[in-house]
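These notes are about the structure you will find just below.
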Amino acid sequence: MVEETLRELASACPVPSRCSPHVDEVQDWLGDELADLGIVPDEATGDHLRQARFAAYVGRLYPDADPDDLRVISTLYTWFFLVDDACDGPTALPPEQIRALRGAVLSLLRHGTRFGPSGFTGPLRRLLAHAWQEPRRRMPHPWRTRFADAVADHLDGVWRERTNRVQGRRPGVEEYVRLRRATSAAYVSYPMIEFVHGRPLPEAVWRHPAVRRIGELGNDLLSWYNDLASLDRDRATGGGHNLVLAVAAERDVPVDTAVALVTQRWRAAMDSFVALRARLPSFGSALDESVTTHLDGVGQAVRGTIDWTLESARYRR
């Protein structure tokens, strides 16, 4: 049932599928780069990373990026996926270590070479420091602050979810929706649209209610789609941290019924996303092109997540 639902929702997404023509060359480069940085300690890990095809995900989210930028973002996204793996499942980091990691990561992003007392060293630190060099060099300070704030929110969400699991606490539906917006890392991906296109939005535009709501809806759409795709895994390890499971528990309905309810909610969110995008006000001739580029990127984050989810071994059923 879920596999059929995933394909139906993919067909219902009005954003066209796109992918960078440079994906294969960047994927090959990424494998070598991760080996050089010590991220691939054995053949099994290397196979896992190759089959996940993180460069293909980046190529779908940022299809207009040049190969150099795809390399930067692919390295950065690999770091986020590896941290996600480290904070999930039966061998996940305890909450206190996730908090320490958050502090060390933010120190690196905000201050460069300095990092906190947690001993954030080794391959993961090298990977993040390497990936951050080019955005830090190229982008203005307000953009770097915005990106670091998004990472802080994401890692705070990861910590809250891990704390819930340790305590055996299952969030209700609306609490889970708010938490999922942090754990998805969609808000981390949005500033990279500006990195690729070299058009940082002014803070007033970035914080405009309509722009923020479109970004929020885009986050929900890609997050809920991912929850449907990872339902089997989350039933075994997620401690209720999946929208389908939260709906099933709160409404006291079977999981199949909850899948149908989440599917309805996804379709309604997509209708709102399209409608709000269509009636977005003008910000003036000097800014409208940049705003359009950004919002096209939000839509591409939704479409790209859908396409990559269906093709990547990470969520293959």
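Readers should treat all values here as calculations from the given coordinates under stated rules, not as data from a laboratory. Here the structure is a predicted model, which means the values were calculated and not measured. Cβ coordinates were reconstructed from backbone atoms using ideal geometry, including for glycine residues, and neighbour counts include every protein chain displayed.
Note down the net charge around residue 304, summing +1 for each Lys or Arg and -1 for each Asp or Glu among other residues with Cβ under 9 Å from its Cβ.
+2
Report which label in (1) 160; (2) 128; (3) 138 holds the value of volume of the Cα convex hull per residue in Å³ derived from the coordinates of this structure.
Entry (2).
Could you give me the ³J(HN,Hα) list for the stretch 271-284, computed from phi with Karplus coefficients 6.51, -1.76, 1.60 and θ = phi - 60°, whole Hz, x at Gly and Pro?
4, 5, 4, 5, 5, 5, 4, 5, 10, 5, x, 6, 9, x
Tally Lys/Arg at +1 and Asp/Glu at -1 over every other residue whose Cβ is under 15 Å from the Cβ of residue 280; what's the total?
+1
Local charge sum around residue 167 (other residues, Cβ-Cβ under 13 Å, Lys/Arg +1, Asp/Glu -1)?
+4
Explain nothing, just compute: Karplus ³J(HN,Hα) = 6.51 cos²θ - 1.76 cosθ + 1.60, θ = phi - 60°, for every residue of the stretch 291-302 in order, whole Hz, x for Gly and Pro.
Karplus-based 3J(HN,Hα) across the stretch 291-302 equals 5, 4, 4, 5, 5, 4, x, 5, x, 5, 4, 5 Hz.
Residue by residue through the stretch 163-180, what is 3J(HN,Hα) from phi via Karplus (6.51 cos²θ - 1.76 cosθ + 1.60, θ = phi - 60°)? Round to whole Hz and write x for glycine and proline.
Working through the residues one at a time gives 4, 4, 5, 4, 7, x, 9, 10, x, x, 4, 5, 5, 5, 4, 5, 5, 5 Hz.
Set Lys and Arg Cβ to +1 and Asp and Glu Cβ to -1, take the dipole of the stretch 88-234 about its Cα centre, and tell me which of 224, 173, 124 lies farthest positive.
Selected residue: 124.
Round to a whole angstrom and tell me the spacing of the C-alpha centers of the stretch 293-312 and the stretch 38-66.
16
Pick from 92, 148, 12 the residue whose mean-square fluctuation is largest in a GNM of the chain, springs joining Cα atoms under 10 Å.
Sorting by GNM fluctuation, first place goes to 12.
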